[in-house]
Each structure stands twice: as structure tokens, then as C-alpha cells.
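All remarks here apply to the structure that follows.
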Amino acid sequence: MMYDNRGSGFFTSMPPVIKNLLIINSLMLLITYLTGEFMYEKFSLFYFESPLFKPYQLITHMFMHGGFIHLFFNMYSLVIFGVALEHVWGSKKFFLYYMVTGLGAAALHSLVMYIDASSLLSAAQAGNIEAAQSLQTLMSTPTVGASGAVYGVLLAYGMLFPNNVLQLIFPPVALKAKWFVLIFGAIELTLGISNTGGNVAHFAHLGGMIFGYFLIIYWKKNNRMYF
């Protein structure tokens, strides 16, 4: 889907939710640079049994990022896939979808952390010092980023525009959106299960996609997809 932006600036022509998400996320990163660890300690998402956890973090962590590169790729993806969705759905429905998938990502990520923490706690109680140290690390590790919601947006794009062709840079191939979504979903599942890929919250990405899928199915079933 193409939009004619001639005669207006690229940023000013964006739909309002996308525009405001770009502004808020950028401001949050700027404040983080200025205040240091304060923002991460207060507004990142921590494991729900950690003394650092606060309920509002379920929302605020979605607007935090670990650095400029992290922010850039999330916001770039949001623009690429989200603009078409906001034009089709309208701003209210798009914002609802974005928040539901972001919260869904946090929910699945927290569930996986609970499973890991339970396993580590059992090992620590049995005298495993390494497990006790890993549990302490888990309790104090912050989670930040809009990636869960962005993956939800990617999933929605693939479901609404399955045959739109996306030109990839690396590798330089063209793929229909539906295959792009399936490949990314498979990669996240593989990395999540194998526990590889560094400090990336792969199950949060999957959570955004899963909650997005079921929300779209619900809207379709109840004829509420476009209003």
C-alpha cells in the first residue's frame, strides 16, 4: 500500500499514534541518557517477585530502550509496518492493538521468567551456588523495549496484507509478508527454546505475535476488524 506524501513532510504526514510513539520513545531514551540508571531501575520491567518490580512497569518498559540502535530498529519497523495498519484501522483501534500486544509480550516473558526462577530456586535450595547466583541475576535484570508490540504489528501486517512483497536488504531477496512473518516467528521460537541470542527476550517477541493473532481472530469472528 502506497501513500502520496508529496507536499508535506515525512514526519508530519504520519498518522498520530505512530508519530506520538516515535516522540515518546525518543524522549524516554533521551531522559535515560541524562539520568543514567535511575530510569532503568524505575521504569524497566523486572521479574514480578523482584523487590525492584512495580506494576506500572508492565506499561513503562514498552517505551524504554537500551540504546539508540535498539530504539532505531524498533521505531523503523514500527513505521514500516504500522503506518498502513493505522490508516486501515484508525488510530484508536491501532493503539489498542499496540498496547494489547505489548502487554501480551510482557505476560509471556514474565511466565517464562517464572518457570526459570522456579527451576533456579529449587536448585539453589538444594545447595547449588551457581543457581543461586543466576536467580539473583534474574531478579535484578531489567527488560526494556517496544519489540513485543512491534512484533505484534509485524504479525498484523502479515495477516492483513499477506501478499504484499517486502524487499529485504540482508539477504537481498523479496518475500511476501506472510512468509516474512512465519520466518521471523520461527526464528524467535528457535532462539527462545535454545536460549541463545544474548540478552534478547525472544519469548516477549512471540508473546506480542501470539496475542496479536488471537486479537485479530477475535475481531474477524465478531466482524469488528475495521470499526
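Worth a mention:
- Order of Ser91, Ser50 under a 10 Å beta carbon neighbour criterion, fewest first: Ser91, Ser50
- Annotation: the residues Tyr157, Tyr47, Tyr226, Tyr40, sorted from fewest to most other C-beta atoms within 10 Å of their own C-beta, follow the order Tyr226, Tyr40, Tyr47, Tyr157.
- Inter-site label distance for Ala126 and Phe53 at 7 Å from Cα along Cβ, in nm: 2.4 nm
- Using 0.36 nm per residue and subtracting the Cα-Cα separation, the extra length available between Thr141 and Met99 on full extension is 12.8 nm.
- In the chain, helical runs assigned H by DSSP with n ≥ 4 each contribute -39500 (n - 2.57); averaged across all residues and rounded to the nearest 500, the mean residue ellipticity at 222 nm is -22500 deg cm²/dmol.
- Shown here is the pair-distance distribution of the stretch 1-136: with all Cα-Cα distances grouped in 10 Å bins from zero up to the longest one, the shares run 11, 31, 30, 17, 8, 3, 0 percent.
- Treating each Cα of the chain as one equal point scatterer and applying the Debye formula with no solvent, the log10 of I(q)/I(0) at q = 0.12 Å⁻¹ comes out as -0.70.
- In sequence order, calculated HN-Hα J values of the stretch 159-167 (Karplus, 6.51, -1.76, 1.60; Hz; x Gly/Pro): 7, 7, 10, x, 9, 5, 8, 10, 9
- Förster radius 22 Å - calculated FRET efficiency between Ile187 and Ser118, Cβ distance, rounded to 0.05: 0.25
- Near Val17: Cβ cut-off under 14 Å, other residues only, Lys/Arg at +1 and Asp/Glu at -1. The net charge is +2.
- For Ser140, Ser194, order by how many other beta-carbon atoms lie within 10 Å, fewest first: Ser194, Ser140
Here, each number is a calculation from the coordinates, and none is a lab measurement. Predicted model, so just to flag it, every value in this text is computed and none were measured. Don't worry about glycine lacking a Cβ; one is built from the backbone with ideal geometry, like all the others, and counts go over all protein chains shown.
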